[in-house]
Amino acid sequence: MSSFQPVKNDTFLRALRREATEYTPVWLMRQAGRYLPEYRATRAKAGNFMGLCTNPEAACEVTLQPLERYKLDAAILFSDILTVPDAMGLGLYFAEGEGPKFERPLVTEADVAKLAVPDIGTSLRYVTDAVSTIRGALGGRVPLIGFSGSPWTLACYMVEGGGSSDFRKVKTMLYKRPDLMHRILEVTAEAVSQYLRAQIEAGAQAVMIFDSWGGALADGAFQKFSLNYIKKIVASLPLQVNRGNFTEDIPSIVFTKGGGLWLEDIASSGASAVGVDWTVNLGQARARIGDRCAIQGNLDPTVLFAEPAQIEAEVAKALESFGVPQAGAGHVFNLGHGISQFTNPDSVEVMVNAVHAYSRKQRQ
């Protein structure tokens, strides 16, 4: 591990620690993706999406691609949230035009009883190898973010067998057989904890938990079936890690899409930051969360289809809404969800440059 270098541009990490920064740092969910022609070329070479994920060199190549184009303040590991249930033996595959599917979803009580925490070092070695490869290739340029899906979000795919518009199967289990639901969530939470710790060990400098389907839950059910398990994971993560010749703090981010109602609850999870989607007013979020943690977000990804001047105006609006981060308040600029594959790469450059320029001006 001593081959890792301390990070040169630590603006993102300082914002998560709610320290003063010269400007507001920015990175994008799904920043390495189909909107970039160079990504599409590498993916074609790899054969398919999982071919890309399971090849550490290819995963490293696509992770770095957006950093070559834009002045982003963080890199995020290129992988997929469904690697964990795949490692649990559910048989992940991607159906053309239909997204991810599982060959062996959790249907019966026996399926749930059989579920076990996988050996992360073996079954997900390709992910930790990718983390180490990327961290080495970054050479300390910007921090590297590792990530996982939340237990509830992973359970949605594991029970539904793929994506869902109504979450009928998983929510039926939640209400009808909460014992089975909790069993799935307990095993998955332990797997996610081990997985994130392995990513940190391999070189990740921050970790993010994507609770993409948390917003599908009723109030009360969210706290019980999603947030409680996220809290357990956050509590299991190291706050610092020794890299041999230096020590690094490891901040964590929790993002619940559709979770605006529960900002205070999520802020009490122990995470360093709460990610918010585009339905949340940043100024109000800051007032509600106070100095409990930093905030990440939250431009509507569709703004990137507008004209450059309109993109700049929307960026300014978001930054004005949050205000200048004082001591004890931190802001990381991001989209309110992942970037669309149909986005013009030039629009991303407009946005990134606008965030840096406007936030510097705010601090003068």
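The values are calculated or read from the model by the stated rules, or taken from the named source; none is laboratory data. From a predicted model like this one, the values you see are computed outputs, not experimental measurements. Counting neighbours? That spans all protein chains shown, and the Cβs are built from the backbone with ideal geometry, glycine included.
For the stretch 137-151, state whether one or more residues are farther than 25 Å from ARG17 by Cα and among the β-branched types (Val, Ile, Thr). No, the stretch 137-151 contains no residue that is farther than 25 Å from ARG17 by Cα and among the β-branched types (Val, Ile, Thr).
Criterion first (in contact with a helix residue (DSSP H, G or I) (Cβ under 6 Å, 6 or more places away or on another chain), outside any loop (DSSP other than H, G, I, E, B) and crowded, with 24+ Cβ neighbours inside 10 Å) does LEU180 satisfy it? Considered against the rule, which asks whether it is in contact with a helix residue (DSSP H, G or I) (Cβ under 6 Å, 6 or more places away or on another chain), outside any loop (DSSP other than H, G, I, E, B) and crowded, with 24+ Cβ neighbours inside 10 Å, LEU180 comes out as no. When LEU77, LEU90 are checked against the criterion of being in contact with a Pro (Cβ under 7 Å, 6 or more places away or on another chain), hydrophobic (A, V, I, L, M, F, W, C) and either modelled with pLDDT under 95 or closer than 18 Å to SER148 by Cα (or both), a single residue qualifies: LEU90.
Yes or no, residue by residue, for (1) of a type in the set (A, V, I, L, M, F, W, C); (2) closer than 25 Å to ALA155 by Cα; (3) touching a Cys at 6+ places or on another chain (Cβ under 8 Å):
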residue: ASP219; (1), (2), (3): no, yes, no
residue: PHE255; (1), (2), (3): yes, yes, no
residue: GLY259; (1), (2), (3): no, yes, no
residue: LEU282; (1), (2), (3): yes, no, no
residue: ARG286; (1), (2), (3): no, no, no
residue: GLY323; (1), (2), (3): no, no, no
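Per the listing ALA58, ALA15, ALA20, the residue uniquely of a type in the set (A, V, I, L, M), touching a Ser or Thr at 6+ places or on another chain (Cβ under 9 Å) and under 30 Å from VAL276 (Cβ atoms) is ALA15. Please give the number of the condition GLY97 fails out of (1) free of Cβ contacts under 8 Å to residues at least 24 places away in the same chain; (2) closer than 13 Å to TYR157 by Cα. Unmet condition: (2). Yes or no: the stretch 320-334 includes at least one residue that is more than 19 Å from PRO251 (Cβ to Cβ), more than 23 Å from the chain's Cα centre (by Cα) and among the aliphatic types (A, V, I, L, M). Within the stretch 320-334, one or more residues are more than 19 Å from PRO251 (Cβ to Cβ), more than 23 Å from the chain's Cα centre (by Cα) and among the aliphatic types (A, V, I, L, M). PRO325 - would you say it is within 25 Å of GLY259 (Cβ to Cβ), modelled with pLDDT under 95 and surrounded by 15 or more Cβ atoms within 10 Å (Cβ to Cβ)? So PRO325 passes the test.
Sub-9 Å Cβ pairs linking a first residue in the stretch 158-170 that is closer than 22 Å to VAL117 by Cα and in contact (Cβ under 8 Å) with a residue 60 or more places away in the chain to a second residue that is among the hydroxyl-bearing types (Ser, Thr, Tyr) and not in a loop (DSSP other than H, G, I, E, B), at least 6 apart or interchain, are MET158/THR188, ordered by first then second residue. Kindly indicate whether SER252 is surrounded by 20 or more Cβ atoms within 10 Å (Cβ to Cβ) and under 16 Å from GLY330 (Cα atoms). So SER252 fits the description; yes. TYR229 falls short on exactly one of the conditions (1) part of a helix (DSSP H, G or I); (2) touching a Gly at 6+ places or on another chain (Cβ under 7 Å); (3) in contact (Cβ under 8 Å) with a residue 60 or more places away in the chain, and that condition is (2). Annotation: ARG141 fulfils all but one of (1) surrounded by fewer than 20 Cβ atoms within 10 Å (Cβ to Cβ); (2) within 21 Å of the chain's Cα centre (by Cα); (3) of a type in the set (Lys, Arg); (4) in a helix (DSSP H, G or I); the unmet one is (4). Of the conditions (1) in contact with a strand residue (DSSP E or B) (Cβ under 7 Å, 6 or more places away or on another chain); (2) of a type outside the set (A, V, I, L, M); (3) surrounded by fewer than 21 Cβ atoms within 10 Å (Cβ to Cβ); (4) modelled with pLDDT under 95, ASP291 satisfies every one except a single condition; which number is it? The single condition ASP291 does not satisfy is (1). Of the helices (runs of 4 or more DSSP H) lying entirely inside the stretch 240-341, the ones with 3 or more residues being farther than 23 Å from ARG360 by Cβ are found at 263-267, 282-289.
Determine if the stretch 200-210 includes at least one residue that is within 28 Å of LEU16 (Cα to Cα), out of contact with any Lys or Arg (no Cβ under 6 Å at 6 or more places or on another chain) and surrounded by fewer than 20 Cβ atoms within 10 Å (Cβ to Cβ). Steps first, please.
We begin by selecting, within the stretch 200-210, every residue within 28 Å of LEU16 (Cα to Cα); these are 200-210.
Checking which are out of contact with any Lys or Arg (no Cβ under 6 Å at 6 or more places or on another chain) leaves us with 200-202, 204-210.
Now narrow it down to the ones that are surrounded by fewer than 20 Cβ atoms within 10 Å (Cβ to Cβ): 201.
Yes, the conditions are met somewhere in the stretch 200-210.
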